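Got a structure for you, questions after.
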Amino acid sequence: MTQLSSTEVENDAAETGPQSDERREAWAAQLAEALGDGFAEHHIIPGSDLWVRVNRESWTDAASAARDQLDCQFFDWLSAIDWLPSPYGRDMDAQEDNPEPKAADPMEQGHAGGETRFQMVMRLYSISEHMGITIKADLPDDDLSIDTLISTFPGANWHEREAWEMFGIHFNGHPDLRNIYLPGAFEGNPLRKDFPLLARRVKPWPGIVDVELFPGEEGP
Amino acid sequence: MTSVSADQRQQLAYVATQAADARLNVEIETEGMTLNIGPQHPATHGTLRLVARLDGEQVVEAEPIMGYMHRGYEKLAEVRTYPQVTTLINRIDWLGSFANEVPFILAAEKLMEVEAPPRAQWIRTVLFELSRIANITLFLGDMAVQLGALTPVFMAFRDREFVLNQIEAATGGRFHPNFDRIGGLKDDLPQGWIDDTKQTMEKMRDFCDEFEELVLGNEIFQARSRGIGIVPAEVGLAYGLSGANIRASGVDWDLRRDGHEALAYDQVDWKVWTHPDGDSFARYWVRLQETREATHIVDQLLDGLPSGPIMAKVPRIIKVPAGEAYAATENPLGEMGYYVVSKGDLVPFRVKIRSASFSNISITPWLLKGVYVPDIITILASLYFILGDIDR
């Protein structure tokens, strides 16, 4: 149990500002060394966060390397991102009632890049360093599968079941891939961008009034 | 770090001592039986269903089944503008609603590179702690009632009302304040609120003192919670346990102190409470201490409340620049975080909600192995989950 006085906290905050970039650089370098070719890219926002993208084959290695070498013992969460721009146009995205058909935006992956539509994301945290890391991995469209993390972090079990039902990603070696939230007979993977949100298709969201412009105001 | 097999040995040793106590189970081989608890059961705070396979009085295997309340917030957030999302996420952990809004707003502020003015940050922190007190107060009564003590729950409901009144006076909502905005707060504090809140904090400290004697000092409560449901620190971390659950296993980690979010916790004097035992009693003890500590945090924040505006300059129509950000805070139930992916639109592209209860109860299949049936209730109660926080 530690008693923190406010001056101590201030010093701590002042120290972490400039230091954290170096610390995050060091983390990325350590992971790159541990994974070799499996390490694809990394992205750092100074003083804020670190993203690392690894190859699919190095997914479990990345988790255990982060746990053993970076002391990231805390398994925060695991999920996926579908980078496909919504094929339903703006009516899925915003408040327009009958939108003009619009050409789909090009697919753009976020921090640390990527090449595929589906990306795995996991977040690990180091209790000793008070710093987290977000690890991503690309999944090729024709084979949406990746190795399970259960042997490294048993807590990944439920998170993987959720990603399986929501995105249709298969986890090799997972002992119990069943629906966790959805009814057993549910068809489809709701968090994929091409899964329509029927409520919104049937009835436009009345929230449109929230973004109506005031006279003289410029549009968004 | 000790290996997991050592923890399993510890667990097995625990099972063995229990089996030795229950000679009946060893001597007379009983047929296996499946016990279904819930989905409607007072011990599940909502609609959690638990299927336990029993051997006599002992659990061989237990599996929580959820999803009865899944509302698909991650999908719904993709079709709502940023200010509208806070209305949804109020309803994740409904006992500490304001605390849910804060990490999402912080994530959006990170992307927009705005920071709330000091006064807004301080008031945010005050309301955050009031949410914690309102939430944990109910736990303190609730766990007692699940162990058979009826009185504490009524006292908890009675005294929580004082805190809810203060939240309502400031935000207009008892349960779903929807008060946090990107760049600040909806309103300033009403007149006289600070004095009223300080009096309330005084009452809540009395409440904590009373509970320390009434519940923690109770022989039956101790007998039923000490040594029950021991979570070793490494196992807890690997399962993603956070908040008081992991601090009760001796891990000195609190995002209020250790996180770098823009809240006013670093401006006041307070301490993080931990307990080395890791059992149900420790989890209750830590939460009780945290509630008392929260009242001190609120008092100090109200004493030093800076003046100034409560909103930063943000556009009326909020478009968040493209990027990704993760913000997490120490909510009443544990770490709650939002991973927000923006494509520069009015709506988030993807929101991943990291809720504390989901990870906290993912340990139950491991933890419930080998315990007696009445201890299921103790362990579930002490892990403290809110169904909305599991099902999202």
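The values are calculated or read from the model by the stated rules, or taken from the named source; none is laboratory data. Every value quoted in this text rests on a predicted model; they were computed, and no experiment measured them. Cβ placement follows ideal geometry from the backbone for every residue including glycine, while neighbour counts extend to all protein chains displayed.
Buried (at least 21 other Cβ atoms within 10 Å of the Cβ) and farther than 30 Å from B:Glu113 by Cα - does that describe any residue in segment B:187-198?
Yes, there is a match, as at least one residue in segment B:187-198 is buried (at least 21 other Cβ atoms within 10 Å of the Cβ) and farther than 30 Å from B:Glu113 by Cα.
Checking B:Met336 against (1) more than 9 Å from chain A (Cβ to nearest Cβ); (2) over 27 Å from B:Leu387 (Cα atoms), which single condition isn't satisfied?
Against the list (1) more than 9 Å from chain A (Cβ to nearest Cβ); (2) over 27 Å from B:Leu387 (Cα atoms), B:Met336 comes up short only on (2).
So that you can scan it fast, the table gives a plain yes or no per residue for (1) within 20 Å of A:Ala199 (Cβ to Cβ); (2) small (Gly, Ala, Ser); (3) within 12 Å of another protein chain (Cβ to nearest Cβ):
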position	(1), (2), (3)
B:Pro64	no, no, yes
B:Gly67	yes, yes, yes
B:Arg71	yes, no, yes
B:Glu74	yes, no, yes
B:Ala77	yes, yes, yes
B:Arg80	yes, no, yes
B:Trp94	no, no, no
B:Glu101	no, no, no
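Would a scan of segment B:308-322 turn up a residue that is of a type in the set (Gly, Ala, Ser), farther than 30 Å from B:Thr364 by Cβ and more than 10 Å from chain A (Cβ to nearest Cβ)? Spell out how you get there, then give the answer.
Quick first cut of segment B:308-322, residues of a type in the set (Gly, Ala, Ser) only: B:308, B:312, B:322.
Checking the rest, the ones that are also farther than 30 Å from B:Thr364 by Cβ come to B:308, B:312, B:322.
If we keep only those that are more than 10 Å from chain A (Cβ to nearest Cβ) as well, we get B:308, B:312.
Yes, that holds for at least one residue.
Let me ask another. With respect to B:Ala170, determine if the residue is of a type outside the set (Asp, Glu), closer than 26 Å to A:Ile127 by Cα and crowded, with 19+ Cβ neighbours inside 10 Å. Spell out the reasoning first.
Details: of a type outside the set (Asp, Glu): yes; closer than 26 Å to A:Ile127 by Cα: no; crowded, with 19+ Cβ neighbours inside 10 Å: yes.
Against the criterion (of a type outside the set (Asp, Glu), closer than 26 Å to A:Ile127 by Cα and crowded, with 19+ Cβ neighbours inside 10 Å), B:Ala170 does not qualify.
Taking the condition of a type outside the set (Val, Ile, Thr), within 14 Å of chain B (Cβ to nearest Cβ) and more than 19 Å from A:Asp82 (Cα to Cα), does A:Arg178 pass? Before you say what the answer is, go through the steps one by one.
Numbers: of a type outside the set (Val, Ile, Thr): yes; within 14 Å of chain B (Cβ to nearest Cβ): yes; more than 19 Å from A:Asp82 (Cα to Cα): yes.
So A:Arg178 passes the test.
Got a number for residues in segment B:343-354 being of a type in the set (Gly, Ala, Ser) and facing chain A (nearest Cβ under 9 Å)? Please lay out each step first, then the result.
Taking segment B:343-354 first, the residues of a type in the set (Gly, Ala, Ser) are B:344.
Still in the running and facing chain A (nearest Cβ under 9 Å): none.
Counting residues in segment B:343-354 that are of a type in the set (Gly, Ala, Ser) and facing chain A (nearest Cβ under 9 Å) gives 0.
Moving on to the next point. Among B:Arg316, B:Arg287, which is the only one that is basic (Lys, Arg) and under 24 Å from the mean Cα position of the chain (by Cα)?
Details: B:Arg316 fails: under 24 Å from the mean Cα position of the chain (by Cα).
Answer to the selection: B:Arg287.
If B:Val286 satisfies every condition in (1) β-branched (Val, Ile, Thr); (2) in contact with an Asp or Glu (Cβ under 9 Å, 6 or more places away or on another chain); (3) at pLDDT 90 or above but one, which is the exception?
(2)
Still on this structure, please answer the following. Which count do you get for residues in segment A:53-66 that are in a strand (DSSP E or B) and more than 13 Å from chain B (Cβ to nearest Cβ)? Walk me through how you get there before you give the answer.
Of segment A:53-66, the ones in a strand (DSSP E or B) are A:53-54.
Within this subset, residues satisfying the condition of being more than 13 Å from chain B (Cβ to nearest Cβ) are A:54.
Number of matching residues: 1.
Then there's this: Among the residues of segment B:218-241, write down those that are more than 14 Å from chain A (Cβ to nearest Cβ) and either more than 17 Å from B:Val145 (Cβ to Cβ) or not small (Gly, Ala, Ser) (or both). If you could, list the steps in order and put the result at the bottom.
Filtering segment B:218-241 for residues more than 14 Å from chain A (Cβ to nearest Cβ) gives B:218-230.
Scanning segment B:218-241 gives B:Asn218, B:Glu219, B:Ile220, B:Phe221, B:Gln222, B:Arg224, B:Arg226, B:Gly227, B:Ile228, B:Gly229, B:Ile230.
Still on this structure, I have one more. So A:Gly184 fits all but one of (1) more than 11 Å from chain B (Cβ to nearest Cβ); (2) at pLDDT below 85; what number is the exception?
(1)
A further question on this structure: Can you tell me which residues in segment A:117-146 are in contact (Cβ under 8 Å) with a residue 24 or more places away in the chain, of a type in the set (Asp, Glu), surrounded by fewer than 19 Cβ atoms within 10 Å (Cβ to Cβ) and more than 10 Å from chain B (Cβ to nearest Cβ)?
A:Asp141
Test of understanding: among B:Lys369, B:Lys352, B:Lys343, which residue is free of Cβ contacts under 8 Å to residues at least 60 places away in the same chain and either over 26 Å from B:Arg160 (Cβ atoms) or out of contact with any strand residue (DSSP E or B) (no Cβ under 6 Å at 6 or more places or on another chain) (or both)?
Numbers: B:Lys369 fails: free of Cβ contacts under 8 Å to residues at least 60 places away in the same chain; B:Lys352 fails: free of Cβ contacts under 8 Å to residues at least 60 places away in the same chain.
Only one candidate qualifies: B:Lys343.
From (1) crowded, with 17+ Cβ neighbours inside 10 Å; (2) not in a loop (DSSP other than H, G, I, E, B), pick out the condition that doesn't hold for B:His296.
Of the numbered conditions (1) crowded, with 17+ Cβ neighbours inside 10 Å; (2) not in a loop (DSSP other than H, G, I, E, B), the odd one out for B:His296 is (1).
Return a yes/no flag: does segment B:385-392 have any residue that is among the charged types (D, E, K, R), on the phi > 0 side of the Ramachandran plot and under 19 Å from the mean Cα position of the chain (by Cα).
Kept after step one, since they are among the charged types (D, E, K, R), are these residues of segment B:385-392: B:389, B:391-392.
With on the phi > 0 side of the Ramachandran plot added as a condition, the list becomes B:392.
Pick out the ones that are also under 19 Å from the mean Cα position of the chain (by Cα) and you get B:392.
Yes, there is a match, as at least one residue in segment B:385-392 is among the charged types (D, E, K, R), on the phi > 0 side of the Ramachandran plot and under 19 Å from the mean Cα position of the chain (by Cα).
Suppose we keep only residues that are of a type in the set (A, V, I, L, M), part of a loop (DSSP other than H, G, I, E, B) and modelled with pLDDT of 85 or more within segment A:99-153. Which one would you say is nearest to B:Asp252 (Cα to Cα)? Before the answer, list the steps.
Taking segment A:99-153 first, the residues of a type in the set (A, V, I, L, M) are A:103-104, A:107, A:112, A:120-122, A:124, A:127, A:131, A:133, A:135, A:137, A:139, A:144, A:146, A:149-150.
Okay, now just the ones that are also part of a loop (DSSP other than H, G, I, E, B), so A:103-104, A:107, A:112, A:127, A:144, A:149-150.
Cutting the leftovers down to modelled with pLDDT of 85 or more gives us A:127, A:144, A:149-150.
Numbers: A:Ile127: 8, A:Leu144: 39, A:Leu149: 26, A:Ile150: 25 Å.
So, considering only residues that are of a type in the set (A, V, I, L, M), part of a loop (DSSP other than H, G, I, E, B) and modelled with pLDDT of 85 or more, the one nearest to B:Asp252 (Cα to Cα) is A:Ile127.
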